[in-house]
1. Kindly evaluate Lys241 against the criterion of being under 25 Å from Tyr135 (Cα atoms), in contact with a Gly (Cβ under 9 Å, 6 or more places away or on another chain), open to solvent by 10 Å² or more (accessible area, probe 1.4 Å) and free of Cβ contacts under 8 Å to residues at least 12 places away in the same chain.
2. Quick check on my filter: what residues within segment 270-306 are assigned to a strand (DSSP E or B) and open to solvent by 30 Å² or more (accessible area, probe 1.4 Å)?
3. Show the residue pairs meeting these rules: Cβ distance below 7 Å; 6+ apart or different chains; first residue within segment 306-317 and closer than 13 Å to Arg378 by Cβ and touching a residue at least 24 places away in the same chain (Cβ under 8 Å); second residue open to solvent by less than 50 Å² (accessible area, probe 1.4 Å) and in a strand (DSSP E or B).
4. Residue under question is Phe201, and the condition is that it be surrounded by fewer than 20 Cβ atoms within 10 Å (Cβ to Cβ), in a strand (DSSP E or B) and within 21 Å of the chain's Cα centre (by Cα); does it hold?
5. Given the options Met435, Met439, name the one that is over 21 Å from Pro379 (Cα atoms), outside any helix (DSSP H, G or I), among the hydrophobic types (A, V, I, L, M, F, W, C) and out of contact with any Ser or Thr (no Cβ under 8 Å at 6 or more places or on another chain).
6. Has segment 126-142 got at least one residue that is open to solvent by less than 20 Å² (accessible area, probe 1.4 Å), over 30 Å from Tyr429 (Cα atoms), among the polar types (S, T, N, Q) and at pLDDT 95 or above?
7. With the structure loaded, tell me whether Arg277 is charged (D, E, K, R) and over 19 Å from Gln165 (Cα atoms) or whether it fails that test.
8. Name the residue, out of Phe87, Phe169, Phe148, Phe102, that is of a type in the set (Phe, Trp, Tyr), closer than 30 Å to Leu424 by Cβ, within 21 Å of the chain's Cα centre (by Cα) and surrounded by 17 or more Cβ atoms within 10 Å (Cβ to Cβ).
Amino acid sequence: MQRPTLKKNELYDTEIEDITNEGSGVARCNGMTVFIPDTAVGDKLRCRIVKVKSSYCYGIVDELYEQGESRIKPDCPVSRQCGGCCFRHISYDEECRIKDKFIRDSFERIGRLFPEYLPFMGCENTDNYRNKAQYPVAELNGRAVCGFYARRSHRVVEYHHCRLQPEIFLDILETIMAYVNIKKIPAYNEVTLQGLLRHIFIRRGEHSGEIMVCLVVTSLKKAEVFGDLPPLLVSQFKDIKTVVLNENPKNTNVILGTKLKPIYGSGEMTDVMCGNRIKLSPLSFYQVNTLQAERLYKAAETLAELDKDDVLLDLYCGAGTIGLSMAAKVKRLMGVEMIPQAIENAKQNALANGIDNAEFICADAKKAAAILYDKGVRPDVIIADPARKGCDREALEYMSKMSPKRIVMISCNHTTAARDCAILGELGYKTEKVMGVDMFPRTGHVETVCLLTHDPC
């Protein structure tokens, strides 16, 4: 049977049936799947095919005949150009439904798992919830600009009024960029690999109000030009506690390098998470949505069913926020993280909060798990919060060898979470419960919390 085909630039009438995690509508035309951005389920439209692949196509809206019930008017003028808020054209209730479906599809399709799905936890605040922003800097028409990368590119869209960020970030950005252009500081060019300023990183404590400004540069030696900036910033923004330079000379998509140089303050700031004061450096992992993270950690604690005699192992612990939030419920807490600055912050955070039953190890998770296993450490509960790539199989194998009663996995990538839970299933752990938590409203990202229990069978 000949496969139906569509032709580039031709028009087809269709209806949107589903949404991808990048915010594109999914339709069928002549038997082929077509992905159409800026559409909502129920939209009836005429689409123009712009790219044809062997089994699917990409299209754009040529004419919208009838709007789906969930479609709303975007409240951001650059939402179509920026790659951040891919769900700003649909209602938030619909966004939560879609994200819950993403998680279920991943666990059932990728993991072949059919756990109990707990009610999806939406976010109470869908605007101004981020405590961190990283703005790429580029040259445009002879001047330095900053904003956000356009969708599927590294072209900078100049825009400071992002609805996801605290409003004070806008004022700080404008002060920095005015300074940069007055001083004629060259923006980094990803093509020529020339220039000094690559990114502007701002972090603000949700509870403390403290602000950290970090400038990512290609050379610390050439960054003396920023010497007059800290007094200017501090005179206007009293909550700025530190200004830090971060050196990243590499041709890479990774934003931060490893070298830090404070040019004002200690190079660290503090916030409060789950009642604990948390010290942070620019390299410390810290959930970007503090209020929702506190709800997430409470959900994870409930699933963990901690006991006062338990040993808790917190893998990929960052600055220790998850484990420290649960330390009072257990006999002993051990945290593992490979970033030295984060581990130092975790130790300081335990000390500052009077937590004396915690220890932290600086090592890769799989190596640390192997060392702890060889030393006879047998945690009752393991909390794992890996990066988007998920856990190494070796780490999962040692987690299972330790034979904890429960494993609670927190993941910002439901596909790798489903894969890792499936591997743990092979190793004797059953995925009992899965819960979606929306940490990143209006974007395509969603957090997942999973409970796995030891299955002796």
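1. no
2. Val272, Arg277, Lys279, listed by residue number.
3. Listed by first residue and then by second, the contacts come to Asp310/Val381; Leu312/Leu333; Leu312/Val381; Leu312/Ile383; Leu313/Met334; Leu313/Ile382.
4. yes
5. Answer to the selection: Met439.
6. Yes, segment 126-142 contains a residue that is open to solvent by less than 20 Å² (accessible area, probe 1.4 Å), over 30 Å from Tyr429 (Cα atoms), among the polar types (S, T, N, Q) and at pLDDT 95 or above.
7. yes
8. Within the list Phe87, Phe169, Phe148, Phe102, the selection yields Phe102.
The values are calculated or read from the model by the stated rules, or taken from the named source; none is laboratory data. No experiment lies behind these values; they were computed from the predicted model shown. Heads up, the Cβs are rebuilt from the backbone with ideal geometry, glycines too, and the neighbour counts pull from every protein chain shown. The protein model used for the area step is the full one, side chains on, heavy atoms only, and it has no ligands, DNA or RNA in it. Shrake-Rupley method; radii C 1.70, N 1.55, O 1.52, S 1.80 Å.
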